[in-house]
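Colleague: First the structure, then my questions, so here it is.
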Amino acid sequence: MRIDETGFHEPVMGSEVVSFLNVASDGWWVDATVGGGGHSESLLRALPQARILGLDRDSAAIDFSKRRLSTFGERARLVVSPFARLGEVIVGNGIDPVQAVLFDLGVSSRQIDDPERGFSYRHEGPLDMRMGPDTELSAEEVVNTFEERELLRIFRDYGEERRARDVARDICIARAEAPIRTTARLADIVAKAVRPPHTTKSQARIFQAIRIEVNGELDQLSASLEAATDHLTPGGRLAVLTYHSLEDRMVKQAMRGTGRERPPPDLPVDVDSGHRLVEVNPRGSTPSAVEIERNSRARSARLRVAERLPE
Ligand SMILES: C[S@@+](CC[C@H](N)C(=O)[O-])C[C@H]1O[C@@H](n2cnc3c(N)ncnc32)[C@H](O)[C@@H]1O
């Protein structure tokens with residue numbers, strides 16, 4: 001695992017992202033999840049005429065990236081915003097249409113490793129998990145107020161946890177004794193509900209599921225993939241790095257369109273087919289063994305890229 005002194009990892013599949021998004025010599029690229037600015041910096045270095053609009057719903061990430069990318073002057077513009085507002089932000093900044101949009105989903109290692117943010121079962125902290133100030137619901141509210149069947153749905157759908165039923169039941173029993181306020185208490189309840197040897201994996205899945213619910217991550221993603229496509233120039237590209245199967249399925253479906261075959265790449269595009277995107281790497285790309293060895297966060301990554309067809 002390689003983390004720099006600021007707590008941000010090196011960007012996942014950085015060189016692959018740059019080569020997939022090397023689509024034009026100038027114009028605007030959008031980094032919808034700028035985080036620590038790793039991908040943005042790689043793009044700005046590799047494409048000397050490119051300009052980047054970076055979004056993040058976490059103002060700490062934007063402050064950090066502003067400092068990191070300050071050497072690029074006006075080539076980097078950064079705004080605090082959830083990416084569900086991507087379309088408005090692109091139009092509001094007068095940069096429509098754009099050459100590419102990149103999403104690198106999930107949380108940054110900086111967010112995970114800060115106990116006060118409450119994302120990790122490994123660090124004791126308040127049960128928060130909000131990525132930014134635009135998120136109202138906290139993990140504490142989810143865990144203490146959602147009905148058992150709602151918790152079950154979240155753990156099953158967003159965590160793909162086999163023992164979801166046991167965990168939901170044990171949370172409800174525990175919270176009747178006293179509200180669950182810390183990551184450590186939740187982690188302990190999960191560990192006892194699932195028992196060894198799968199405790200760590202289950203803790204990770206349950207925490208992931210709650211984080212997805214708190215931040216409305218799947219709703220954010222589905223709204224944004226459509227908006228990104230709307231604002232891409234023909235020949236422009238959408239690239240998405242996902243870290244679990246639900247996100248990946250959603251991205252695959254958005255890139256393929258639903259219910260229709262994608263047009264054969266060697267035929268003229270059928271403008272009535274309803275397809276606005278064609279997949280560039282239909283099976284998705286995964287990190288090299290060397291990258292996974294160096295950066296454990298890359299382990300579950302899949303990069304999907306699609307290109308905007310002409311109208
Ligand atoms: C994996 S990190 C990105 C790391 C970045 N690519 C880099 O190279 O440093 C994901 C970032 O996306 C942000 N994020 C997640 N969901 C978001 C959303 N719906 N809107 C805006 N930002 C979001 C998180 O706050 C986090 O900073």
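Colleague: Looking at Ile95 and the list (1) free of Cβ contacts under 8 Å to residues at least 40 places away in the same chain; (2) away from the ligand (no atom under 16 Å from the Cβ); (3) assigned by TED's automatic domain parsing to the domain that holds Ser65, which single condition is not satisfied?
Modeller: The number of the failed condition is (1).
Colleague: Hey, could you check segment 209-243 for residues that are under 13 Å from the mean Cα position of the chain (by Cα) and more than 14 Å from Phe103 (Cα to Cα) and say which is nearest to the ligand (Cβ to nearest atom)?
Modeller: Going through the qualifying residues, I end up with Asn215.
Colleague: Can I ask one more? Given the residues Ala61, Ala84, Ala100, which is the only one that is in contact (Cβ under 8 Å) with a residue 60 or more places away in the chain, within 9 Å of the ligand (Cβ to nearest atom) and crowded, with 18+ Cβ neighbours inside 10 Å?
Modeller: Ala84
Colleague: Something else now. Give the residue that is surrounded by the most Cβ atoms within 10 Å (Cβ to Cβ), with candidates limited to residues of segment 123-138 that are away from the ligand (no atom under 15 Å from the Cβ) and at pLDDT 95 or above.
Modeller: Leu127
Colleague: Need the failing condition index for Ala164 against (1) within 16 Å of the ligand (Cβ to nearest atom); (2) buried (at least 17 other Cβ atoms within 10 Å of the Cβ), just the number.
Modeller: The failed condition is (1).
The values are calculated or read from the model by the stated rules, or taken from the named source; none is laboratory data. Please read these numbers as outputs of a predicted model, since none were measured by experiment. Cβ sites come from the backbone with ideal geometry, for glycine too, and all protein chains shown count toward neighbours.
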